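Below: one structure, written as structure tokens.
Nothing in this text is a laboratory measurement; each read-out follows from the coordinates by a stated rule. Computed from a predicted model, the values in this text were never measured in an experiment. Note that we place each Cβ from the backbone using ideal geometry, even for glycine, and neighbour counts take in every protein chain shown.
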Amino acid sequence: MDFLTKVWAKEATTTTEKPPIEAPTPAEAKKESPTEGQEKNIPPKETKDWGYDLYPERRGESFKPKWTRVLFGMEGQENIDRFKCEQNVYWCVKNGPLVKLMMGALKSSGCPIDLRRHISCEVCDPSVTGGYDPTLNQIVVCQNMAKNKSMVHGVLTHEMIHMFDYCNNELDFRNVDHLACTEIRAANLAHCSFLSAMFQGDASPFNIKEAHQNCVKSKALASVLAVRNITKEDAIAAVERVFPKCYADLEPIGRRIRRNSTDQQKAYMEAPMYGYDVY
């Protein structure tokens, strides 16, 4: 039995209640609301499929802080947050090895990045730190969640992998297999390490060999469920279906990055060997 199937089966057996359909979360309720998309001239299906409810400013509305959250210092400094976010983005573009590698790979693939056009700092739902909008070919950095250089570097690398797939592989985000594949690649190349797998419960001293794969599957599954209104069983099936091929695809970084290692610098230095420009 595959890892995700085991996890899903374990959750099902330990649940005390067995309703036929899980109660939707507030984010899911927003996705399914037909009036939300109609009010903002976005079709309900598009809102549901693309996860626009996680990115309010993608719907053409300006963020309005709540006075209760302003009182406790949780909101009300959006302009300052945006300025800091843009500073962090610029720093990562100039100094982040993986971001510079990805920008070079995108340029070599015919999809160069213009910071003013393709990267936007915005207020997002607290459940996400960033996103990729294929409609506008634009990366969103969540200024209220990704607040330091390290987080912004991770967000940019992750979303640039989606952009790279969209540029090179005719990625169709409406196809759940395509979505699962690019989420697997992003988790594989930009996030998962044995340490992160330990923190999220996908690794132990007894399954070190499979720890990275399990971490990638868990992160990819969570990402698919965040932006698509499908059942968990369907999401698991999609991840398992494409996992062998997509996990083996290391373009354009060329290696899996270990935490607290020199792998990022090595990947950056090796990029010209594979025909990619570097910044």
Regarding the range 96-117, can at least one residue be identified that is part of a loop (DSSP other than H, G, I, E, B) and under 20 Å from HIS191 (Cα atoms)? yes
Please find, among CYS192, CYS181, CYS167, CYS142, the residue that is over 17 Å from VAL216 (Cβ atoms) and surrounded by 23 or more Cβ atoms within 10 Å (Cβ to Cβ). CYS142
Could you grab me the full set of residues in the range 142-196 that are outside any helix (DSSP H, G or I) and not hydrophobic (A, V, I, L, M, F, W, C)? GLN143, ASN144, LYS147, ASN148, ASN169, GLU170, ASP172, ARG174, ASN175, HIS191, SER193
Would you tally the residues in the range 241-262 being within 20 Å of ASN169 (Cβ to Cβ) and either part of a helix (DSSP H, G or I) or touching a residue at least 60 places away in the same chain (Cβ under 8 Å) (or both)? 13
State the number of residues belonging to the range 112-139 that are hydrophobic (A, V, I, L, M, F, W, C), in contact (Cβ under 8 Å) with a residue 24 or more places away in the chain and surrounded by fewer than 17 Cβ atoms within 10 Å (Cβ to Cβ). 1
